[in-house]
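First up is the structure itself, then whatever we jot down about it.
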Amino acid sequence: MFGGGGMNPRKMQQMMKQMGIDVTELDAEEVVIKTADEELVFSDAQVTRMDAQGQETYQIVGEPETRELGAGDDGDDEAAAAADAIPADDVAIVAQRAGVPEDEAREALEAEDGDLAAAISRLE
């Protein structure tokens, strides 16, 4: 009845733009969905974000691996997660500006919740 087997992708993008819908592909390494009983872990998933009139919708395409709730958490990784939360570039900038070793710069950044200016001023 309609023929053609589908809509031209370019025409689809034009229509979405007219309706105020912005589509963005995200470079996601891993997506974890936690339910009351288990975790669904998508590795190498294709993730698309659609912004439509101020509301964001995410689409995940891939095969999930199912694991028990909390199976991926050791609990002792809080310090490692905090250290990873501070980018190495920020640590290097603070260390250079304040003239201190990187471990002191990292401590100052952690104490100041990642605020570069506050960490530098704390060390000077």
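The values are calculated or read from the model by the stated rules, or taken from the named source; none is laboratory data. Since we're looking at a predicted model, the values are computed, not measured. Ligands, DNA and RNA are stripped out before the accessible areas are found, and what is left, the full protein with its side chains, is counted by its heavy atoms. Shrake-Rupley method; radii C 1.70, N 1.55, O 1.52, S 1.80 Å.
A few comments on the model shown:
- Compared with the alpha-carbon gap, the fully stretched path from residue 50 to residue 85 is longer by 9.9 nm at 0.36 nm per residue.
- A 1.4 Å probe run over segment 10-69, with the rest of the protein chains in place, finds 82 Å² accessible per residue.
- Length available on full extension from residue 13 to residue 92: 0.36 nm per residue minus the Cα-Cα distance, which gives 24.2 nm.
- Cα-based Kirkwood hydrodynamic radius, segment 10-69, one decimal, Å: 13.1
- In sequence order, segment 53-67 has phi-based couplings of 6, x, 10, 9, 10, 10, 10, 10, 10, x, 9, x, 9, 9, 9 Hz under the Karplus curve 6.51 cos²θ - 1.76 cosθ + 1.60, θ = phi - 60°, and Gly or Pro positions carry x.
- Accessible area of segment 10-69 belonging to carbon and sulfur atoms, whole % at 1.4 Å probe: 46
- Evaluating 6.51 cos²θ - 1.76 cosθ + 1.60 at θ = phi - 60° for every residue in segment 94-102, the Karplus couplings come out as 5, 4, 5, 5, 8, x, 10, x, 5 Hz, glycine and proline recorded as x.
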